[in-house]
Amino acid sequence: MRILLCFGTRPEAIKMAPLFHELKKRPFEVKVCVTAQHREMLDQVLDFFEIRPDFDLDLMQKGQSLNQLSARILSSIDTVLHDFQPNLVLVHGDTTTSSMVALAAFHKGIKVGHVEAGLRTYNKLSPFPEEINRQITGKIADYHFAPTSWASDNLLQEKVAKENIVVTGNTVIDALRLGISKLESGYTCVDLNMVKQVVNTAKKVILITGHRRENFGAGFENLCLAIRQIATMAPDVQIIYPVHLNPNVQEPVQRILSDISNVHLIPPVDYPAFLYLMQSAYFILTDSGGVQEEAPSLGKPVLVMRDTTERPEAIEAGTVELVGTNTATIVAACLRLLQDKNEYHVRSQAHNPYGDGKASERICTFIAQIQA
Ligand code: UDP
């Protein structure tokens with residue numbers, strides 16, 4: 001069986017890396033195609049997980065619209081599908097790469113497997129493409145690898161046949177385990193050395209990340225004002241913030257936070273360094289999807305700067321809390337975690353709903369059965 005894994009962004013690469021290595025252990029012919037929707041951040045992950053793409057479409061261009069990107073993905077992947085003739089294409093999650101590659105495979109009559117299938121907000125009115133990308137990919141996919149039973153239930157409600165859905169856990173946990181074992185066996189790199197210099201292990205560390213377009217403007221402004229207040233009210237706390245390079249993030253962050261001694265603004269870091277930061281954190285304030293899934297298995301409470309999430313499982317479990325982007329709400333939630341030991345204990349000990357690190361194995365076992 002010929003299998004093509006196709007992805008384009010950092011989070012997809014992190015979550016597809018363990019699956020690639022697991023597929024390689026089996027008697028499949030496996031190739032990787034990257035669209036390089038995020039060039040630099042993708043390459044760091046490929047290096048760390050030792051993946052050399054067989055096809056690199058190198059489609060990142062400054063200022064290209066989603067329609068231009070979609071058109072370029074459709075036309076470039078066509079040649080790859082023609083040359084390699086895969087029996088199965090595996091895509092991940094909710095990116096333009098996933099939906100367009102799934103569509104291109106469908107046009108060629110090639111089966112599609114969707115990794116991290118079934119996540120939903122059902123908010124198609126949102127101007128941001130993630131929900132529609134995951135729904136398009138889900139409509140096209142033949143096989144659905146749902147990370148949780150909640151995701152599987154969404155697919156069942158959409159009339160996806162039960163026999164084509166497998167609840168696997170999230171491959172992000174497989175990646176986390178692989179990554180941590182690499183760190184423990186002495187892996188080192190520039191970013192990792194840099195963050196080791198920054199982290200003060202004697203202090204409570206609040207780790208912050210943010211990049212979502214829906215928070216540009218008032219959202220980031222309010223977040224920064226909240227961080228400023230927390231840093232002043234809790235001077236013993238160390239706040240570490242790898243700041244996304246987008247000017248919409250950089251501008252308010254540099255203007256509001258650059259002069260505070262216990263706030264460390266650092267450039268975005270690669271995955272191994274970020275793993276170290278997550279492990280060192282007391283809790284995490286973020287708008288990232290992947291971080292919401294990683295933190296529970298590290299026992300780190302997460303405050304999410306959004307009003308909604310397509311990942312409700314860790315909220316139910318207790319690790320994750322949606323705090324939106326209101327300054328007072330963020331400050332109050334942070335102070336509760338810093339001051340209320342009991343609440344912190346309950347939140348950090350909550351059950352991890354995203355799996356046991358064997359999601360890739362389950363996906364491979366299912367694929368082997370299709371082949372049989
Ligand atoms: N991450 C990283 N460096 C950072 C911030 C995040 O390597 O400076 C990792 C993080 O561990 C997670 C993934 O990137 O696995 C999340 O990516 P992002 O927040 O960009 O996207 P999302 O998950 O929201 O789609």
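Taking the Cα centroid of the stretch 309-357 and of the stretch 222-255, what is the distance between the two, rounded to the nearest whole Å?
19 Å
Given the options E214, E361, E163, which has the most mean-square fluctuation in a GNM of the chain, springs set between C-alpha atoms less than 10 angstrom apart?
E163
Taking 22 Å as R0, compute the FRET efficiency from the Cβ-Cβ separation of K25 and L183 and round it to 0.05.
On the way: r = 22 Å, r/R0 = 1.02.
In this case the efficiency is close to 0.45.
Report, in debye and to the nearest 20, how large the dipole of the stretch 211-304 comes out about its Cα centre when Lys and Arg carry +1 and Asp and Glu carry -1 on their Cβ.
Rounded to the nearest 20 debye, it is 80 debye.
Taking θ = phi - 60°, what integer Hz values does the Karplus form 6.51 cos²θ - 1.76 cosθ + 1.60 yield along the stretch 288-304, in sequence order, with x for Gly and Pro?
With coefficients 6.51, -1.76 and 1.60, one gets 7, x, x, 5, 4, 8, 6, 4, x, 6, 9, x, 10, x, 10, 9, 9 Hz.
Over the Cα atoms of the chain, compute the convex hull volume and normalise it per residue, giving Å³. It would help to have the intermediate numbers written out before the result.
Numbers: hull volume 48.4 nm³, N = 372.
Looking at the chain, the number lands at 130 Å³ per residue.
Read phi for every residue in the stretch 89-105 and hand back ³J(HN,Hα) as whole Hz from Karplus 6.51 cos²θ - 1.76 cosθ + 1.60, θ = phi - 60°, with x for Gly and Pro.
Once rounded to whole Hz, the list reads 10, 10, 10, 10, x, 9, 9, 4, 4, 4, 5, 6, 5, 4, 5, 5, 5.
Please give the length that would be gained between E251 and T232 if that part of the chain were fully extended, namely 0.36 nm times their separation in residues minus their C-alpha to C-alpha distance (nm, one decimal).
Once the chain is fully extended between E251 and T232, it gains 4.7 nm.
Which ³J(HN,Hα) values in Hz, rounded to whole numbers, follow from the phi angles of the stretch 198-209 under the Karplus curve 6.51 cos²θ - 1.76 cosθ + 1.60, where θ = phi - 60° and Gly and Pro get x?
Couplings: 7, 5, 9, 5, 7, 10, 6, 9, 9, 9, 10, 9 Hz.
For the chain, build the charge dipole from Cβ charges (+1 Lys, Arg; -1 Asp, Glu) around the Cα centre, then report which of P252, S297, A202 sits farthest towards its positive end.
The residue sitting farthest along the positive end of the dipole is S297.
Counting alpha carbon pairs within less than 8 Å and at least 6 residues apart, what relative contact order, in whole percent, applies to the chain?
16 percent
What percentages make up the Cα-Cα pair-distance distribution of the stretch 91-200 when the bins are 10 Å wide from 0?
Over the stretch 91-200, the share of Cα pairs per 10 Å bin runs 14, 35, 24, 18, 8, 0 percent.
Run the numbers on the stretch 183-311 and let me know its relative contact order in percent, using alpha-carbon pairs under 8 Å that are six or more apart.
31 percent
Determine the gain in length on full extension of the stretch A317-R39; use 0.36 nm per residue of separation and subtract their C-alpha separation, reporting nm with one decimal.
96.6 nm
Once both axes come from the Cα atoms, what is the angle between helix 359-371 and the longest principal axis of the chain, in degrees from 0 to 90, rounded to 10?
Between the helix axis and the principal axis of the chain, the angle is about 10 degrees.
Give the residue from T308, A350, V323 lying farthest towards the positive end of the charge dipole for the stretch 277-372; charges sit on Cβ (+1 for Lys and Arg, -1 for Asp and Glu) and the dipole is referred to the Cα centre.
A350
So in the chain, what percent of DSSP beta bridges are antiparallel if you round to the nearest 5?
Of the beta bridges lying entirely in the chain, close to 0 percent run antiparallel.
Let me spell out the model: positive unit charges on the Cβ of Lys and Arg, negative unit charges on the Cβ of Asp and Glu, origin at the Cα centre of the chain. What dipole size does that give, in debye rounded to 20?
My answer is approximately 160 debye.
Which one of G186, I266, C224 has its Cα pushed farthest toward the positive end of the charge dipole of the stretch 161-269, where Lys and Arg give +1 and Asp and Glu give -1 at the Cβ?
Result: G186.
Taken together, the values in this text are just the output of simple stated rules run on the coordinates, not laboratory data. Everything quoted here is computed from the prediction, not taken from an experiment. When we count neighbours, we look across all protein chains shown, and the Cβ atoms used for this are built from the backbone with ideal geometry, even at glycine.
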